[in-house]
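Data first, discussion second: the structure below is written as structure tokens.
Where a number appears in this text, it was derived from the coordinates with a stated rule and is not lab data. Everything numeric here is computed off the predicted structure, so don't read it as measured data. FYI the Cβ positions are ideal-geometry reconstructions off the backbone, even for glycines, and counts take in every protein chain you see.
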There are 2 protein chains.
Amino acid sequence: MQQKPLILVTNDDGVSAPGILHLSSIAVKYGDVVVIAPDKPQSGMGHAITINSTLRIQKTNFHKGAIDEYSCTGTPVDCVKMAVNKLLPRKPDLVLSGINHGSNSSINVIYSGTMSAAIEGSLEGTSAIGFSLCDYDINADFTPTTSFIEKIISSCLKDKLPQGVCLNVNFPKLKADEISGLKICRQAKANWVEDFEERQDPYGRSYYWLTGKFVNFEPEAKDTDEWALQNGYVSVVPIMHDLTAHNYITHLQNTL
Amino acid sequence: MQQKPLILVTNDDGVSAPGILHLSSIAVKYGDVVVIAPDKPQSGMGHAITINSTLRIQKTNFHKGAIDEYSCTGTPVDCVKMAVNKLLPRKPDLVLSGINHGSNSSINVIYSGTMSAAIEGSLEGTSAIGFSLCDYDINADFTPTTSFIEKIISSCLKDKLPQGVCLNVNFPKLKADEISGLKICRQAKANWVEDFEERQDPYGRSYYWLTGKFVNFEPEAKDTDEWALQNGYVSVVPIMHDLTAHNYITHLQNTL
């Protein structure tokens, strides 16, 4: 008898967030699911890992149909490392991260704990996908994502992603019948124009809150994830962890 | 009279670490230097930002010749955002990060707070360079790095790096006369083979320490940063923040 695929599910919003509950409920149709996710929200943690402190894990019981599940005191990347190196009986066939509450399109990918967990999965040589819904509402409706997630999981179990590549999937905030389909894209050139709001604490000392406005530098380009989402598509961007700007190497060799 | 370049200096080891003191002492020869760096070590923080909590800054007095200096309670990326959006009188001409105590070559770049600060600088449209010395010793000798840092700063002030590209510079642990020179390279394919060492606390509960061994998957390739460092060169890798795996887009369009 063929072994069922082993699927690791994680996120950055915490082990009991609605998004990860929805994702694990889909994943259990495709294999043996183990969930290990942070014990508290870890948004904006990027590829942070815990090296100057210790980690703890605890069994949890939120995910129906999972063969095992844990919360971890660390970051999303810690969760993937802990799963692969300590908790799982063998190397997983698939790493799923999300569904994030909020967009991870464009430049958000580099701040995203959700996507860093997927990138870490790809570093471990496993097909990995990060899912995000462009809706921060705790009561966001995740059901329109289901059929697309099923299609992508099926595809990645059949046609393994190449070494070093994972997928960044973002869903627009739309009803199922309003979604135009899947679109394979590149990461849009965009950034946050930020400000730090200064406040005074009760003792007269200043503190700051990071605030910002997202700006797409190429709103007309139709091959980007931002365009896809603005036009009702689910965006799928293949993401790699080789950060080398290969096309600048020759220039540097001639000038430095 | 021409305005002096405005140079932002940061790191991830903390505002008073020997590496950043050495870097600012070089930077002051090239322009007006403002230092803003974490108030405590932030190694392994990757591109983490502080979004669910507040930030505080405090004036410090460690850096001789700097026109202004601060410690910040946030991550290295927070420091760059705070500098650019709040503290600096104008957009900086150069962002320098480091000198990190320990290597940031190869895959270490994605975990590195030092390099994430440089990447954030490039996101803000500024030439940015991260420097690291392959020596974790608090008493490491940074003097052999000086002439190379001077050369790279001069070059980047004269020939601005293109939008979205920064430099990842790593120094081997060698004396000045043992260093073979600068080498422009690509990021080596490598990873950490990790383990979590399990211990018991005094109350009988388990906790874990992340441990690992670095493995270079292509030790024979002579165009990588790992090869350069092993062979006595200072490695320089141009790094970008577009993570799109462009050469996999067509395959996905045909299969998904």
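Taking label positions 7 Å along the Cα-Cβ direction at both B:E198 and A:D177, the computed distance is 5.3 nm, reported to one decimal.
Which whole number gives the average count of other chain Cβ atoms within 10 Å of the Cβ atoms across peptide A:48-59? Walk me through the numbers before you get to the answer.
Values: counts 12, 11, 5, 9, 6, 4, 9, 7, 5, 4, 2, 0.
Counting Cβ atoms of other protein chains within 10 Å of each residue's Cβ and averaging gives 6.
Averaged over the residues of A:232-239, the number of partner chain Cβ atoms lying within 10 Å of the residue Cβ comes to 3. With Cα atoms defining each centre, region A:1-77 and region B:71-149 are spaced 32 Å apart in the structure.
Of the beta bridges DSSP finds with both residues in region A:111-215, what % are antiparallel, to the nearest 5? Intermediate values should be presented prior to the final figure.
Working: 10 of 15 bridges.
Percent antiparallel among DSSP bridges in region A:111-215 is about 65.
Its alpha carbons considered, region A:63-155 gives a radius of gyration followed by a Dmax of 13.6, 36 Å.
Here B:K29 is the anchor, and the lysines within straight C-alpha reach of less than 20 Å, apart from those fewer than 8 places off in the same chain, are B:K4, B:K64, B:K91, B:K151, B:K158, B:K160.
Hey, what number do you get for the protein assembly as shown at 222 nm if only DSSP H runs of n ≥ 4 count, each worth -39500 (n - 2.57), divided across all residues, to the nearest 500?
Numbers: 12 runs with 108 residues, N = 512.
For the protein assembly as shown, the value works out to -6000 deg cm²/dmol.
Farthest toward the dipole's positive end in chain A, which of A:A188, A:I20, A:V84, given Cβ charges of +1 (Lys, Arg) and -1 (Asp, Glu) about the Cα centre? The Cα lying farthest towards the positive end belongs to A:V84. Diffusion coefficient (Stokes-Einstein, Kirkwood radius over C-alpha pairs, 10 °C, 1.306 mPa s) for the protein assembly as shown: 68 µm²/s, rounded to a whole number.
Per residue, the convex hull spanned by the Cα atoms of region B:34-102 measures out at 105 cubic angstrom.
When Rg and the Kirkwood Rh are both derived from Cα coordinates, the Rg/Rh ratio for chain A amounts to 1.00.
Ordered by packing density, taken as the mean number of other Cβ atoms within 10 Å over each peptide's residues, highest first, how do A:30-43, B:105-118 rank? Could you put the intermediate results ahead of the total?
Working: A:30-43: 22.3, B:105-118: 28.8.
Sorting A:30-43, B:105-118 by mean packing, highest first, produces B:105-118, A:30-43.
Within 10 Å of the Cβ of each residue in B:184-197, the mean number of Cβ atoms contributed by other protein chains is 5.
Bridge orientation summary for region B:1-92: considering DSSP beta bridges with both residues in this region, about 25 percent are antiparallel.
Distance distribution P(r), region B:136-189, all Cα-Cα pairs, bin width 5 angstrom from 0: 4, 14, 23, 23, 18, 12, 4, 0 percent. Structural descriptor for chain A: relative contact order 17 percent, calculated from alpha carbon pairs under 8 angstrom and at least 6 residues apart. Each peptide in B:170-177, B:120-127 receives the mean, over its residues, of other Cβ atoms within 10 Å, and ordering these scores from highest gives B:120-127, B:170-177.
Quarter the surface of the alpha carbon convex hull of region A:1-137 and you get the mean projected area, 7.8 square nanometres.
Kirkwood analysis of the Cα pair distances in region A:111-212 returns a hydrodynamic radius of 16.7 Å.
The stretch between A:K29 and A:F214, if pulled fully straight at 0.36 nm per residue, gains 62.9 nm over its current Cα-Cα span. Return, ordered by residue number, the residues of region B:1-41 whose backbone nitrogen is under 13 Å from a label point located 7 Å along Cα→Cβ of A:I51. So the set is B:12-14, B:41.
Nearest 5 is fine: what % of DSSP beta bridges in chain B come out antiparallel, could you say?
In chain B, approximately 40 percent of DSSP beta bridges are antiparallel ones.
Shown in residue order for region B:128-137 are the 3J(HN,Hα) couplings computed by the Karplus curve 6.51 cos²θ - 1.76 cosθ + 1.60 at θ = phi - 60°: 9, 9, x, 10, 9, 10, 6, 7, 7, 5 Hz (x for Gly and Pro).
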